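Taken together, the values in this text are just the output of simple stated rules run on the coordinates, not laboratory data. Computed from a prediction, not measured in an experiment: that's the story for all the values here. Here the Cβ positions follow ideal geometry from the backbone for every residue, glycine too, while neighbour counts run over all protein chains shown.
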Amino acid sequence: MRTPADLYSSRVPRYTSYPTAPHFNPAVNGEIYRGWLGALPKGTALSLYLHVPFCDTLCWFCGCHTSVVNNYSPVKAYLEILRREIEQVAAIIGPGHPVTHVHWGGGSPTMLSPGDIRALAETLHGKFEFAPDAEFAVEIDPRGLTDDVIAALAEAGVTRASIGVQDCDEVVQRAINRIQPFEETRDVVDRLRMAGICQLNVDLVYGLPHQNMARLQHTIEMSLTLAPQRFAVFGYAHVPQFKKHMKLIDEAALPGAEERLDQFDLAHDLLTADGYLAVGLDHFARPNDSLARAAATGKLARNFQGYTTDNAPALIGLGASAISALPQGYVQNVPDVPDYRRAILAGALPAARGIALNDDDRLRRAIIERLMCDLSVDLDRVSRPFGKRAADFGAEIAALRPLVEEGFISIKDGRIAVRAPARAAVRLVASAFDAYLGRTKAVHAAAV
Ligand SMILES: C[S@@+](CC[C@H](N)C(=O)[O-])C[C@H]1O[C@@H](n2cnc3c(N)ncnc32)[C@H](O)[C@@H]1O
Ligand code: SF4
């Protein structure tokens, strides 16, 4: 019999997209991407994601697509190419598309100079039409953040800051090569608020080396004093086979599956006791926050940044490795910066791979998104627009029986619901609807 801890350690995707990125293929190239962008009907709302793949120093736990630069010239050169990509993409899409969400991620967008932050925002405002209430979010590394950068972000129209805290304990910070005194984080939060950037998220990570219950409790209590509207509490994904720098992390110091589960439960209990509502798998939000409201009304969405209120039908990824999610399918840009530059300089769209969606993909994506967002899904309701019914998913429901018998989920009248203490089971449930995984096998493989 599995325990909830087994569910956390099972190797199934996090479903930030469906089909997931390993199933993207090179047949979706720049020409196809150009066709998809050009076919977006006038009036389609757009969400823009800009990737800045640079950092000052490397955190050993980092799973993001980034590299460390010792001087600013590669960043400057990258921004020039990024500007060209923005111009190229905007010209293909044409006018008449309101931008409702903008997200700058990385890496560390806050390592851009104040002048470059202003220039990049100006390019975006010049080439796209922002909706009046557009959300503009930026990922913030608080370490060494200057007043000039904060002023530039405010002037650029940034409305939301996602602040990387991870863990406040010095021992943990040393073990991940990220020294970040809490006073510095607090100071950045104060200065962001003074500059008018008041919608704040705090990112925490559990399962880090040397983290234990006492240290995590301290981190959460300290972070609560920052009073952000939202928390993201990510489980550390240790993948040294893909990210070589993770080999610098002492594996003997990593919490085991049981401890990870206890750590997440502790975070959950402390945050909910303080009045935050659990949203999806790993987010928490104040009840009056738009994310909590979206969750309460079934409008929560999931994209590559995690949970979001962003319901724009077209997400356009700009920059090396960025992924676009268009009505026709997904497209990922070339991850390697020199290759990305070569593609843009040759006048091509820098698409490396992707996947075109068929109706079955769209239906399964809708089911998986509802599961990941709501921890439940009404199969009849989601399937109806596709001309299908819950009864069409007999094989998937049969494959989920073990999870029902183990008490992790319930299935009644085509409605699947994950019980709260077993919320990690949601990825397993989602994987039963993943036609690319080989459905029954995925569920059984997780039991080992
Ligand atoms: C793209 S990073 C950028 C944030 C910014 N550079 C910083 O470090 O403050 C966004 C968030 O992803 C999370 N993250 C990064 N690597 C991770 C990993 N291996 N496992 C889980 N979460 C991770 C961290 O919480 C981080 O703040
Ligand atoms: S966690 Fe943030 S600052 Fe650290 S290496 Fe990753 S992207 Fe850079």
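With respect to the conditions (1) more than 18 Å from Thr123 (Cβ to Cβ); (2) within 23 Å of the chain's Cα centre (by Cα); (3) within 16 Å of ligand 1 (Cβ to nearest atom), Val69 falls short on a single one, namely (2).
Scanning the range 72-109 for residues that are more than 10 Å from ligand 1 (Cβ to nearest atom) and on the phi > 0 side of the Ramachandran plot gives Gly94, Gly96.
Residues of the range 257-309 being over 23 Å from Glu369 (Cβ atoms), among the small types (Gly, Ala, Ser) and touching a residue at least 24 places away in the same chain (Cβ under 8 Å), which ones? Let's see the steps before the verdict.
Here is the first cut: in the range 257-309, the ones over 23 Å from Glu369 (Cβ atoms) are 257-263, 265-267, 269-275, 286, 288.
Adding the requirement that they be among the small types (Gly, Ala, Ser) leaves 257, 267, 273, 275.
Once the filter is applied, which keeps residues that are over 23 Å from Glu369 (Cβ atoms), among the small types (Gly, Ala, Ser) and touching a residue at least 24 places away in the same chain (Cβ under 8 Å), the range 257-309 yields Ala257, Ala267.
Contact map, the range 124-138: residues that are closer than 14 Å to Leu50 by Cβ paired with residues that are of a type in the set (Phe, Trp, Tyr), Cβ distance under 8 Å, separation 6+ or inter-chain. Pairs shown: Leu124/Phe130; Ala137/Trp104; Val138/Trp104. Looking at the range 341-426, the strands (runs of 3 or more DSSP E) lying wholly inside it that each contain 3 or more residues that are without any contact (Cβ under 8 Å) to a residue 24 or more places away in the chain sit at 409-412. Of everything in the range 200-220 that is over 14 Å from His238 (Cα atoms) and in a strand (DSSP E or B), the residue that is farthest from ligand 2 (Cβ to nearest atom) is Leu200.
Count of the range 150-184 residues, restricted to those that are assigned to a helix (DSSP H, G or I) and surrounded by fewer than 22 Cβ atoms within 10 Å (Cβ to Cβ), is 12. Out of all the residues in the range 319-333, is one or more within 24 Å of Gly96 (Cα to Cα), buried (at least 19 other Cβ atoms within 10 Å of the Cβ) and β-branched (Val, Ile, Thr)? There is at least one residue in the range 319-333 that is within 24 Å of Gly96 (Cα to Cα), buried (at least 19 other Cβ atoms within 10 Å of the Cβ) and β-branched (Val, Ile, Thr). Looking at Tyr18, Tyr49 in this structure, which one is part of a strand (DSSP E or B) and surrounded by 14 or more Cβ atoms within 10 Å (Cβ to Cβ)? After ruling out the rest, the residue left standing is Tyr49. What pairs can you find where one residue is in the range 55-66 and closer than 12 Å to Lys244 by Cβ, the other is more than 6 Å from ligand 2 (Cβ to nearest atom) and of a type in the set (S, T, N, Q), and their Cβ atoms are less than 7 Å apart, with a gap of 6+ or different chains? Partner pairs satisfying both residue conditions: Leu58/Asn177; Trp60/Asn177.
The combined condition, being free of Cβ contacts under 8 Å to residues at least 60 places away in the same chain, touching a Leu at 6+ places or on another chain (Cβ under 9 Å), part of a helix (DSSP H, G or I) and buried (at least 17 other Cβ atoms within 10 Å of the Cβ), is not fulfilled by Ile86.
Taken over the range 269-315, the criterion of being crowded, with 20+ Cβ neighbours inside 10 Å and β-branched (Val, Ile, Thr) is satisfied by Val279, Thr308. Scanning the range 220-237 for residues that are within 10 Å of ligand 1 (Cβ to nearest atom), surrounded by fewer than 13 Cβ atoms within 10 Å (Cβ to Cβ) and aliphatic (A, V, I, L, M) turns up nothing. A search for C-beta distances below 8 Å between a residue of the range 224-241 that is farther than 16 Å from Asn201 by Cβ and any residue that is of a type outside the set (Asp, Glu) and surrounded by fewer than 17 Cβ atoms within 10 Å (Cβ to Cβ), counting only pairs 6+ apart in sequence or on different chains, returns Ala237/Gly63; Val239/Gly63; Pro240/Lys247.
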